[in-house]
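Following: one structure in structure tokens, then a few remarks.
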């Protein structure tokens, strides 16, 4: 059982770091633009550290939506969201969406923390 618990902890740590990086991008006013297709834009090294890459379509002119895009991808819908749910347990999608809407309206650290909380991170 230790293996599964360890894996869960590692997945949680990686996902939290991805969201933290997205938060920093949002705070800087930079929209990556393609995080809804995250597998092509997130690399995880041997140490389990995630890196957001490929800023080819990034923009300072669009309203940043990095946190909301990556959360939709990881926790709300699609194949990856199903895999995440298998690893970390099902999340209350309505609560995730509600927290994301609040964050989108007012991108404060407090609202970001709420997103992390409902995502189980």
What nm distance separates the two modelled labels at residue 58 and residue 108, each placed 7 Å from Cα along Cα→Cβ? 2.8 nm
So, by mean Cβ neighbours within 10 angstrom, what's the order for 68-75, 45-52 with the highest one leading? 68-75, 45-52
If I model the range 25-82 as equal point scatterers sitting on the Cα atoms and use the Debye formula, what is log10 I(q)/I(0) at q = 0.23, 0.24, 0.30 Å⁻¹? -0.95, -1.00, -1.22
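Expected output is a single nm value to one decimal: the length gained when fully extending between residue 36 and residue 79, i.e. 0.36 nm times separation in residues minus the C-alpha distance. What is it? Can you show the working numbers first?
Numbers: separation 43, 0.36 × 43 = 15.48 nm, distance 1.21 nm.
Using 0.36 nm per residue and subtracting the Cα-Cα distance, I get 14.3 nm.
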For the chain, what is the mean residue ellipticity at 222 nm derived from helices alone (per DSSP H run of n ≥ 4: -39500 (n - 2.57); sum divided by total residues; nearest 500 deg cm²/dmol)? -17500 deg cm²/dmol
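Would you calculate the convex hull of the Cα atoms in the chain and tell me its volume per residue in Å³? If you can, show how the numbers build up before the last one.
Numbers: hull volume 12.0 nm³, N = 121.
Value for the chain: 99 Å³ per residue.
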Quick check: the angle from helix 2-28's long axis to the longest principal axis of the chain, C-alpha only, nearest 10 degrees? 0 degrees
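Read-outs throughout are calculated quantities, based only on the coordinates presented, and are distinct from any laboratory measurement. Bear in mind that the values here come from a model prediction, so they are computed numbers and not experimental data. Here the Cβ is made from the backbone with ideal geometry for all residues, glycine too, and neighbour counts use every protein chain on show.
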